């Protein structure tokens, strides 16, 4: 892809906005409402990746590094806003019950509980500019959520997903 100085200058005025994005979970496990999740997902992060360098010593010098194994953090955090309908609780509790049921203590196995999640960046003209697919994702942690009578705070859940890898979709 060729990217000239003129093209760079032309695109400086239309930088991607951090508030124009959405997360889509098609066919969520446990009967959750994916549309409600998409609308109530307040924050997320673009997943990263890195390469573990392989160091090669050479003669008496400092040596050199070459790109090594591709690495993903394999965890992804989102924050959702709860409503009085408790749809976010129902969404994640239902999914996590299939991972391991808290009554029977039996799970369905990773082939059944994993779902692909799509993370989309959207332009100010409502066009998709980037779409990433997190493959084999499942909610791995919903930590304690503070609930307080102080102030007029909104109830938010921080959710950690585990995933196998991500690709540009």
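Across the stretch 64-100, the residues whose backbone nitrogen lies under 15 Å from the label position 7 Å along the beta-carbon direction of residue 55 are 64-68. Computed over the chain, relative contact order equals 25 percent, with contacts defined as Cα pairs under 8 Å that lie 6+ residues apart.
The overall shape of the stretch 97-169 is oblate: from the C-alpha gyration tensor, with semi-axes ordered a ≥ b ≥ c, the ratio a/c is 1.5 or greater and a/b is no larger than b/c. Against the main long axis of the alpha-carbon atoms of the chain, helix 87-99 sits at an angle near 80°. With the cut-off at 1.5 for a/c, could you classify the chain from its C-alpha gyration tensor as rounded, prolate or oblate? Since a/c reaches 1.5 but b/c is at least a/b, the shape of the chain is classed as oblate. Note on residue 101 and residue 123: their simple-model spin labels are 4.9 nm apart, each label 7 Å out from Cα toward Cβ. Between residue 73 and residue 38, the distance separating the two model label sites (each 7 Å from Cα on the Cα→Cβ line) works out to 2.5 nm. Can you give me the relative contact order of the stretch 28-97 as a percent, contacts being Cα pairs under 8 Å and 6 or more apart? Answer for the stretch 28-97 is 46 percent.
Under the simplified labelling scheme, the residue 135-residue 168 pair shows an inter-label distance of 1.6 nm, with each label point 7 Å from Cα along Cα→Cβ.
FYI, it's all coordinate maths here, none of it is from the lab. Bear in mind the structure is a predicted one, so any value in this text is a computation, not a measurement. Backbone-built Cβ (ideal geometry, glycine too); neighbour counts: all protein chains shown.
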